[in-house]
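Worksheet: one structure, shown below.
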Amino acid sequence: MRTTLTRFGHGLRRFLRDLLFEVFALPVMFAVMGFFIGLYSVLTDGMPWYIAPVGAVLGFLAGCAKMIWLWISQ
């Protein structure tokens, strides 16, 4: 019984790792880019402080849209 649970745990861990690094890699990369572009605007142009997190959220949504587009166009 322990072996079965251990195998299931390793499979679940591998699935979550693949999900994190393959599915969410592009949206997270877009979110990081959006955050730093927003932070640059805050620091150089005097934009309000909330521009950086808004840029991260919009970047994440753009990354999700790009992943959906890539998935549909296969």
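The values are calculated or read from the model by the stated rules, or taken from the named source; none is laboratory data. In this text, all values refer to a predicted model and were calculated from it rather than measured experimentally. As a convention, Cβ positions derive from the backbone with ideal geometry for all residues, glycine included, and neighbour counts pool all protein chains shown.
Number of residues in the stretch 1-31 that are at pLDDT below 75, of a type outside the set (Val, Ile, Thr), over 30 Å from residue 54 (Cβ atoms) and surrounded by 10 or more Cβ atoms within 10 Å (Cβ to Cβ): the value is 4. Kindly list, by first and then second residue, each pair from a residue in the stretch 12-23 that is of a type outside the set (S, T, N, Q) to a residue that is surrounded by 10 or more Cβ atoms within 10 Å (Cβ to Cβ), limited to pairs with Cβ atoms under 9 Å and residues at least 6 apart or on different chains. From the stretch 12-23, the pairs are 20/28; 23/67.
Does the stretch 42-57 contain any residue that is modelled with pLDDT under 80, exposed (fewer than 15 other Cβ atoms within 10 Å of the Cβ) and either in a helix (DSSP H, G or I) or basic (Lys, Arg) (or both)? Reasoning before the result, please.
Pass one, the stretch 42-57, residues modelled with pLDDT under 80: none.
No, because not a single residue in the stretch 42-57 is modelled with pLDDT under 80, exposed (fewer than 15 other Cβ atoms within 10 Å of the Cβ) and either in a helix (DSSP H, G or I) or basic (Lys, Arg) (or both).
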